[in-house]
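Undergrad: Sharing a structure, written as structure tokens. Questions coming.
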Amino acid sequence: MGTAQHTPAKVSARPKAVATTKQKLERLGLVSPHDLILHLPLRYEDETEIMPISSLRPGRSAQIEAMVIRSDASYQPRRQLTAVVQDETGEIGLRWLTFYPNQQQQMQVGRRWRIRGEVRGGLHGYEIIHPKVTVADSPLPAALTPVYPTTDGLSQPSLRKAIGQALERVELNDTLEPALIKRLGLQSFAEAIRTLHAPTPDMDAHALIEHTHPSWLRIKFDELLAQQLSLAAARDARRSLRAKSLKANSKPDSLCARLLKSLPFSLTSAQQRVTNEISADLQREFPMYRLLQGDVGSGKTVVAALAALQAIDAGVQVALMAPTEILAEQHFQKLKMWCEPLGIEVCWLTGSITPKARKIANEAISSGRARLIVGTQALIQDSVEFFDLGLVIVDEQHRFGVAQRLSLSKKGEELEAPRTPAMATTSAGPAMLTAPSISTVPTQQSAASKPTANKDWIPHQLTMSATPIPRTLAMTFYADLEVSSIDTLPPGRTPVVTKLISSARRDQVLGHVAQACAIGQQVYWVCPLVQESESLDLQTAVDTHLALTQALPDYTVGLVHGQLPTAEKAAVMKAFREANINVLVSTTVIEVGVDVPNASLMVIEHAERFGLAQLHQLRGRVGRGVAKSVCVLLYQTPLSMLARERLRAMYETQDGFEIAQRDLDLRGPGELLGSKQSGVTLLRFADLATDSALVVAARETATELRAKAPQIVERHLARWMRGREDFLRS
Ligand code: ADP
Ligand code: MG
């Protein structure tokens, strides 16, 4: 810049430095003083005490005062400075991997320092790497020292200073009324904020560090309340979108009535209830966003089929999407069996069909001839043009990655209904349902014409999940959805007996398998998913297949895994369904949805490697018929603690909700929802695993405030959503 070179260096340096701190703060999202006051400590350091060296333990932080008794700067084989310091109780090593001359001077023998850092177990006893060294015998802080989340080059002191200034400038008024705060037994916002940023000596240090202090509870409550309020607002906002009202046909020859008549069973009362809930939603003029939850084997498919038939009867197309080809294929077969006798053509579309078949399918879909389309993600990834898509059903939606659920539901709202009627949104993975490629040709137009902006409705959406999630998680993750739950299993099921058997006793298990085959039952033998190596995974399955084929010469042993060509996969599954295969060796491709009622024995190899939710899903493949079913969890010793707890949970309960709760306890919510990056990270302070009571309180308060005090809702959201338009999105 032309003028820059005339500016004296001294003058320009200063504003530049200021700008840098500001920029660094901005990088943390800290723009206004309000942002700063909500930038709460990540943890606290206890610098209030000098600890005797003899009391130090690895992994803990330490603050000691000690004298240097040895010190050595070496440059070979690599540059490092080491020292040993001593107090009355013992000695400990210090080490720097890079160092300045002045640090070397500090470590002159005989000098005494205050030293802080994390203790590690080293080769020659305990040591502290890159300790903080300050003057000994200076006054100790009286209270805990907050440590803030920060970014490169922004030091704790400058962050502390900025926050301290903000605390003086901002009025810490409460968003909630005193009466409510009192009733909930919460601290005031001001007190909570001041305590967390600047604890005083009398405060319970342990509670502050563990986030159980009343000040933390207040902040977590506020955060959860904001989340509940915004999700509820998102749900409301969707009511302003338009969908086609799909009237239920009450005539005795309606498609639904005819399907029900043709079934070999009648609906359970739970199925009946959720069917009614869905039916009522479909008749509304705004889109349904409903989650159908039900444990494995609870009978969700028929409920989905009834929803589809109501929609088809009302004159729109329906798409059903499943996460795996095997499951999609199974749905396709089942729906064909149910729907074709009713005169409804079911269309099949996956990524792996031949170009020719795809062309035919696309034509059937865009001309509107195909009324029910079943498939995988291919349904939305390619430029499939629907003629008049009115209902989207997504099975096993958690498999698409719940992680993106919230972000997608948000996106769906942004895609303004017209041009890209998002086949929208609440459930699937990133490539799905963002769906600018999906377009729905308005009914009144010819199929050949381009979709136009005057298309004014978007499809209803039903998602299904067999992964029961604990109530508190459901409250936060599905707060923007309506939820229907099938809470009882169809009659006549006998609980699956679960056996834990060490793989040393494999032969015994083979005996069980032979017995089951002998009385005409079928068996799954599941091999683990070894994440690091797809091929190793495959190898286990292939080896097992070979071993079982040799061990069971009188029976047919099949093999299915993810890398088989689609047609082959389908053929194997068909053979198993038709009982032409006695024992099916498989990888976890059969994990979700597969329904072969005659299979009554499942052996899970290396059960200790599976997650709890996955084991539950797998076990759900048996116990679907009348025969008494057994699930054998073969494990390899030694077991880790976590693995032991998982197997114990499987042994002790079959209740999906109980299992989900234990999973949450064992793993934490991030992993439970299938991804460490799941929306749980949206919560900065609250922890869904431990703060369930607060979630419930926040949920109730949100309902109350929305009904009675819209101005408080607004105030609260303004505080907590500030600069976080991405709150639901990131
Ligand atoms: P999921 O909820 O796991 O998807 P499915 O829909 O696959 O369960 O149903 C599991 C099995 O139960 C299927 O074989 C299905 O035909 C059967 N089924 C569903 N509803 C009933 C019912 N009301 N009575 C008896 N069997 C049922
Ligand atoms: Mg299912």
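Undergrad: Using a 1.4 angstrom probe, figure out how much accessible area region 49-140 has per residue, in square angstrom, rounded to the nearest whole.
TA: On the way: 5610 Å² over 92 residues.
That works out to 61 Å² per residue.
Undergrad: Something else about it: Would you mind getting me the FRET efficiency between R43 and D253? Use the beta-carbon distance for r and R0 = 60 Å, nearest 0.05.
TA: On the way: r = 68 Å, r/R0 = 1.13.
Working from the Cβ atoms, E equals 0.35.
Undergrad: At 1.4 Å probe radius, can you tell me the per residue accessible area of region 496-653 in Å²?
TA: On the way: 6680 Å² over 158 residues.
For region 496-653, the solvent-accessible area averages 42 Å² per residue.
Undergrad: How much accessible surface does D507 have with a 1.4 Å probe, in Å² rounded to 10?
TA: 120 Å²
Undergrad: Among N276, L259, A232, which residue has its Cα positioned farthest towards the positive end of the charge dipole of region 231-280, with +1 placed on the Cβ of Lys and Arg, -1 on the Cβ of Asp and Glu, and the dipole taken about the Cα centre?
TA: Value: A232.
Undergrad: With a cut-off of at most 12 other beta carbons within 10 Å, and DSSP calling the residue loop, which trypsin sites (Lys or Arg not before Pro) in region 72-102 qualify? Please list them. Can you show the working numbers first?
TA: Numbers: sites: R78, R79, R95; in loops: R78, R79.
Hits after loop and neighbour filter: R78, R79.
Undergrad: Which pairs break 24 Å Cα to Cα here: K499/K569; K336/K569; K336/K574? All intermediate terms of the calculation are to be shown ahead of the outcome.
TA: Values: K499/K569 29 Å; K336/K569 19 Å; K336/K574 14 Å.
Over 24 Å apart, Cα to Cα: K499/K569.
Undergrad: OK, next. S502 versus R715, label points 7 Å from Cα toward the beta carbon: distance in nm?
TA: Output for this residue pair reads 6.5 nm.
Undergrad: May I pose another question? Can you list residues from other chains, or at least 5 along the same chain, whose modelled amide H is less than 5 Å from the amide H of V632?
TA: For V632, whose amide H was placed from the backbone, the distant partners under 5 Å are K499, M602, V603, I604.
Undergrad: What is the local net charge at R60, summed over the other residues whose Cβ is closer than 14 Å to its Cβ (Lys, Arg +1; Asp, Glu -1)? Mind showing how you got there, number by number?
TA: Details: positive: R43, R57, R116, R120; negative: E45, D46, E47, E49, E118, E127.
Once positives and negatives cancel, what remains is -2.
Undergrad: Describe numerically, in nm with one decimal, the distance between label points set 7 Å from Cα along Cα→Cβ at D456 and at T494.
TA: 6.0 nm
Undergrad: Within a Cβ distance under 14 Å of A190, other residues only, what is the Lys/Arg minus Asp/Glu net charge? Numbers along the way, then the final one.
TA: Details: positive: R169, R194, R218, R719; negative: E168, E171, D174, E191, D222.
The answer is -1.
Undergrad: For L342 and E568, what does the FRET efficiency come to when R0 = 25 Å and r is the distance between their Cβ atoms, rounded to the nearest 0.05? Please report the intermediate quantities before stating the final value.
TA: On the way: r = 31 Å, r/R0 = 1.25.
After rounding to 0.05, the efficiency reads 0.20.
Undergrad: Loop only per DSSP, at most 14 neighbouring Cβ atoms within 10 Å: give me the GluC sites (Glu not before Pro) in region 125-171, ordered by residue number. Please report the intermediate quantities before stating the final value.
TA: Details: sites: E127, E168, E171; in loops: E171.
Of the GluC sites (Glu not before Pro), the ones in loops of region 125-171 whose Cβ has at most 14 other Cβ atoms within 10 Å are E171.
Undergrad: At 0.36 nm per residue, minus the direct Cα-Cα distance, what do R644 and S266 gain on full extension? Give it in nm, one decimal, please.
TA: Values: separation 378, 0.36 × 378 = 136.08 nm, distance 4.03 nm.
Extra length available between R644 and S266 comes to 132.0 nm.
Undergrad: Something else about it: Of the listed pairs K247/K300; K247/K356; K182/K708; K220/K300, which have alpha-carbon separations greater than 28 Å here? Write down the numbers at each step before the final one.
TA: Values: K247/K300 21 Å; K247/K356 36 Å; K182/K708 18 Å; K220/K300 36 Å.
K247/K356; K220/K300, as the Cα separations exceed 28 Å there.
Undergrad: Next question. What is the spin-label model distance, in nm, from T98 to R194 if the labels are put 7 Å beyond Cα along the C-beta direction?
TA: 4.3 nm
Undergrad: Starting at the first residue of region 218-226, write each ³J(HN,Hα) from the Karplus equation 6.51 cos²θ - 1.76 cosθ + 1.60 with θ = phi - 60°, in whole Hz, x for Gly and Pro.
TA: Once θ is set to phi - 60°, the couplings for region 218-226 become 4, 5, 5, 4, 4, 5, 5, 4, 4 Hz.
Undergrad: Pull out the extension gain between R706 and K628, defined as 0.36 nm times the separation in residues minus the alpha carbon to alpha carbon distance; nm, one decimal.
TA: Details: separation 78, 0.36 × 78 = 28.08 nm, distance 5.03 nm.
Here the segment from R706 to K628 would lengthen by 23.0 nm.
Undergrad: Then there's this: Using θ = phi - 60° and the Karplus form 6.51 cos²θ - 1.76 cosθ + 1.60, what ³J(HN,Hα) does each residue of region 563-579 get, whole Hz, x for Gly and Pro?
TA: Running phi through 6.51 cos²θ - 1.76 cosθ + 1.60 with θ = phi - 60° gives 8, 5, x, 3, 4, 5, 3, 4, 5, 4, 4, 5, 4, 5, 4, 8, 6 Hz.
Undergrad: Follow-up question, since we're still on this one. Assign unit charges at the C-beta atoms only (+1 for Lys and Arg, -1 for Asp and Glu), then state the dipole size of region 49-140 relative to its Cα centre in Debye, rounded to the nearest 20.
TA: So the dipole magnitude of region 49-140 works out to roughly 360 debye.
Undergrad: Tell me the carbon and sulfur percent of the accessible area for region 49-140, rounded to whole percent, probe radius 1.4 Å. Write out the running numbers ahead of the final one.
TA: Values: 2770 of 5610 Å².
Carbon-and-sulfur percentage of accessible area, whole number: 49.
Undergrad: Which trypsin sites (Lys or Arg not before Pro) does region 597-642 hold that lie in a coil by DSSP with at most 14 other beta carbons within 10 Å? Kindly include the intermediate steps, with their values, before the conclusion.
TA: Values: sites: R609, R619, R621, R624, K628; in loops: R621, R624, K628.
Passing sites in region 597-642 are K628.
The values are calculated or read from the model by the stated rules, or taken from the named source; none is laboratory data. Just so we're clear, the structure is a prediction, and the values are computed from it rather than from any experiment. As a convention, Cβ positions derive from the backbone with ideal geometry for all residues, glycine included, and neighbour counts pool all protein chains shown. Calculation scope for accessible area: heavy atoms of the full protein, side chains included, ligands and nucleic acids excluded. Shrake-Rupley method; radii C 1.70, N 1.55, O 1.52, S 1.80 Å.
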